[in-house]
1. For residues that are in contact (Cβ under 8 Å) with a residue 24 or more places away in the chain and among the charged types (D, E, K, R), scanning just the range 296-339, find the one that is farthest from SER233 (Cα to Cα).
2. Out of (1) closer than 21 Å to GLN108 by Cα; (2) buried (at least 17 other Cβ atoms within 10 Å of the Cβ), the odd one out for GLY48 is which?
3. Are there any pairs with C-beta distances below 9 angstrom linking a residue in the range 46-57 that is touching a residue at least 60 places away in the same chain (Cβ under 8 Å) to a residue that is of a type in the set (Asp, Glu) and in a helix (DSSP H, G or I), with the two at least 6 apart or on different chains, and if so which?
4. Look through LEU286, LEU349 and report the one residue that is touching a Pro at 6+ places or on another chain (Cβ under 6 Å) and under 24 Å from ALA255 (Cα atoms).
5. Filtering the range 329-338 down to residues that are in a helix (DSSP H, G or I) and not basic (Lys, Arg), which residue is nearest to LEU229 (Cα to Cα)?
6. Kindly list the number of the only condition in (1) surrounded by fewer than 19 Cβ atoms within 10 Å (Cβ to Cβ); (2) in contact with a Cys (Cβ under 8 Å, 6 or more places away or on another chain) that fails for LEU369.
7. Which condition number in (1) touching a helix residue (DSSP H, G or I) at 6+ places or on another chain (Cβ under 7 Å); (2) free of Cβ contacts under 8 Å to residues at least 60 places away in the same chain is the one that ALA358 fails?
Amino acid sequence: MATVIHSATKPSVKQRTALVASADGCFRKSVSAALTGLRWSVREANGGAQAWGEAMDCQPQTIIVDSWLPDLDIKEFLREFHVSFPGVDIITNDDGPLKDATPSPFRQEILYALNRAERTDTAVWNAAPPMGDSISEQNGSPSSILPASLENKGRRHLLRVSDAASTCQRSQSCSPSGSPTEGRIPGLVGESAVMLEVSRRIRRVAPLSTPVLIEGPTGSGKEVVAAALHRMSSRCHKPFVAINCAAIPEALLEAELFGHTRGAFTGALQGRTGRIEAANGGTLFLDEIGEMPLSLQAKLLRFVESGELQRVGDNENVKVDVRIISATHQRLRQSSKSGGFRSDLYFRLAVFLIRTPALSERVDDIPVLVHHFMERMGRAKPVKRLDDKAMNLLCAYPWPGNVRELQHVLERASILAGDEPVLSVSEIDFGDEAD
């Protein structure tokens, strides 16, 4: 008689669903990949109207919304979405969890995925492509799914963004104050006039292959600007290779930049591709270019002029196509006049200048920066805030280390506060007692 063996029936587990709304395809894919690895079902939407339709269809536990949408005003979208889908945990890329959103028990998994997100689809990120006059034309999403107030505001938003994109395509001389695309670039924190000017200059030169020199004090965000230039360029899908010219000994810097053949010098057991060649097709970021030895500046000048390099120990020329972005905390033009830096190389690298301001020049941005850093630290633990006296103390401090120093002071204060949710003056430690 046959024996029937009954396998134990496993209880069914409801599939968790997340919705990722972003105009940036790479951002959506990287978040989706991380969540899929954590056993989430993920839906994607490249605009607000499509996200609304997907939410109605799949009823997600969480929605991750990027800090810009091509068809709807982000603040209006979040407000209306929270009202219509009160049970959904809303997380925004800029600020973490939305205030008053229904918290999900899986929020840490979502924040983990968000921290792993990458961004390269910058053409749609920086300025919306020309669109139709109504939301209903976008991705086949019927506009009737949206609340009337949001649909009307979204329709006007579409027209504004479409007009701005068309204008910028026709001319590169858009008025700094007349176009929505002239505001702050995502990734740059601050709304002060000097930071908006940085964003304006990035937008102007990013689509070109023009060499850019970024000047600014240490800790003011020069590498952030360089990354934004690459992200907003046509080279965004190619490598962004950075090298700090002050961090590598002079004896090794040439081989690090240009590469070397096997046996080119003692210890060169095998050949190696240099940083310049590794950046082929993309962007080469030369940080602290003012620290480059004069002997090596001559070889870099030859590459800048010809687009060809020679690996150390090799006689063959290698053709490489890179855009060069340089950065320095020095006043490089004065250094070139005094002989500390080659003037011919300076004029090759400084075709377009961007200056990152010291934090003392944009004190009004300190509360925004504090909020940004506290929210970012809050992705791994509960978000803390500062009381008014602590905030006033930060605004009055001269910040010789600029934004980087502010970030470190806030991290230190958060550690000193322990489990306290509010940081006070007693936790603010500038680390200058020994001075």
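The values are calculated or read from the model by the stated rules, or taken from the named source; none is laboratory data. Nothing here was measured: the structure is a model prediction, and the numbers come from that model. Methodologically, a virtual Cβ is constructed for each residue, glycine included, from the backbone with ideal geometry; neighbour enumeration extends over all protein chains shown.
1. Restricting to residues being in contact (Cβ under 8 Å) with a residue 24 or more places away in the chain and among the charged types (D, E, K, R), the top hit is ASP314.
2. All conditions are met except number (1).
3. Here the result reads GLY48/GLU76; ALA49/GLU151; TRP52/GLU80, each pair linking the range 46-57 to a residue that is of a type in the set (Asp, Glu) and in a helix (DSSP H, G or I).
4. LEU349
5. Initially, the range 329-338 is screened for residues in a helix (DSSP H, G or I), giving 332-338.
Restricting the remaining residues to those that are not basic (Lys, Arg) gives 332, 334-336, 338.
Details: LEU332: 20, GLN334: 25, SER335: 25, SER336: 25, SER338: 30 Å.
Out of the qualifying residues, it is LEU332.
6. (2)
7. (2) is the only condition that ALA358 fails.
This table checks each residue for (1) under 20 Å from GLY190 (Cβ atoms); (2) surrounded by fewer than 15 Cβ atoms within 10 Å (Cβ to Cβ); (3) in contact with a strand residue (DSSP E or B) (Cβ under 7 Å, 6 or more places away or on another chain).
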position: ALA390; (1), (2), (3): yes, no, yes
position: TRP399; (1), (2), (3): yes, no, no
position: VAL403; (1), (2), (3): yes, no, no
position: GLN407; (1), (2), (3): yes, no, no
position: LEU410; (1), (2), (3): yes, no, no
position: ALA417; (1), (2), (3): no, no, yes
position: LEU423; (1), (2), (3): no, no, yes
position: SER426; (1), (2), (3): no, yes, no
position: ASP429; (1), (2), (3): no, yes, no
